[in-house]
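Right, one structure below, let's go through it.
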Amino acid sequence: MSYFLFFLLAIVSIASILAMILTKNQAYNALLLILAFTCTGGLFALIGASFIATIQIIIYAGAIMILFVFVIMMINIRDGIPPERKKWTIYFSIFVAVVFLAELFFALKGTLAPLSTSGIEQSSDPTSLGRLLFTEYLYPFEITSILIIAALVGSIVLVKKKENNDSN
Amino acid sequence: MIPISYFIVLSFILFFLGIVAFFVKKDLLTQFMAVEIMLNAANLAFIAFAKSANALDGQVIVFFVITVAGAEAAIGLAIILLIFRHRKTIKTEDINLMKG
């Protein structure tokens, strides 16, 4: 059953990302990406990280992608979707990506074999995660809140229309 | 129970697809989405390795990565909106101000 779930989620996420590469409409791209991120959340839950799976679905598939959809709505490109790149660029990019994949695979091939689920189950419930977050990772947590404030203020300042001068 | 290496290989494939999408696509928004795909693949690898090491620290890192991705999405989309407002386009081929 868990194998079936794994392969279902993996195939759906890979297929939706492939469809995103092939589709030209940006709104469809965003919706396909929401599907892929939801499948990734399911994979997280399958590993056993239930809290991270919830966060993934709420924050990524919920908040971030809705931000994308809103920006697509605001941009409203009139002159159609831009055509794809030239052929040789596509082949070159696929070549670069394959080389990178091979590098990753060869670098981590040694670690793939002994990776098997150990019988010892560590509790990954939100309680222990929160305890770790507020004791050992307290400073990164606080710095993250500063980062979010900076991003909030920065995005408002960037997008705000200037009142007096319209030159820039 | 599924072997952890399956998840690692899946994260490789997702990262690969993210790179391909980044280079094949030509508008800034979709390229930004490709960056999010790569972040997600890295998150999957983090969680898989955390499970195999039997430690919760990887999940905490993923929590931080998701938070930073949220901040990055807000700033990046604001910059894309600003570029569109100035240049009336988000095609990367038309944004060639620094081309010699």
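The values are calculated or read from the model by the stated rules, or taken from the named source; none is laboratory data. Computed from a predicted model, the values in this text were never measured in an experiment. Backbone-built Cβ (ideal geometry, glycine too); neighbour counts: all protein chains shown.
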Exercise. Determine which member of the set A:VAL159, A:VAL71, A:VAL96 is at pLDDT 70 or above, farther than 22 Å from B:ALA34 by Cβ and hydrophobic (A, V, I, L, M, F, W, C).
Key: A:VAL159
Practice problem: Take the stretch A:16-51 and flag every residue that is touching a residue at least 60 places away in the same chain (Cβ under 8 Å) and of a type outside the set (Lys, Arg). | Solution: A:GLY48, A:ALA49, A:SER50, A:PHE51
Practice problem: May I ask you to say which residue of B:ILE66, B:ILE47, B:ILE8, B:ILE83 is out of contact with any Lys or Arg (no Cβ under 8 Å at 6 or more places or on another chain), surrounded by fewer than 19 Cβ atoms within 10 Å (Cβ to Cβ) and in a helix (DSSP H, G or I)? | Solution: B:ILE83
Self-check item: Cβ pairs under 8 Å, 6+ apart, first in the stretch A:1-15 and in the same structural domain as A:CYS39 (by TED's automatic domain parsing), second assigned to a helix (DSSP H, G or I) and among the β-branched types (Val, Ile, Thr)
Solution: A:LEU9/A:THR40; A:SER13/A:THR40; A:ILE14/B:ILE13
Self-check item: Those residues of the stretch B:50-60 which are surrounded by 18 or more Cβ atoms within 10 Å (Cβ to Cβ) and part of a helix (DSSP H, G or I), in sequence order
Solution: B:ALA50, B:LYS51, B:SER52, B:GLY58, B:GLN59, B:VAL60
Practice problem: Among the candidates B:ALA41, B:ALA73, single out the residue that is under 30 Å from A:LYS160 (Cβ atoms) and either out of contact with any Ser or Thr (no Cβ under 7 Å at 6 or more places or on another chain) or more than 7 Å from every other protein chain (Cβ to nearest Cβ) (or both). | Solution: B:ALA73
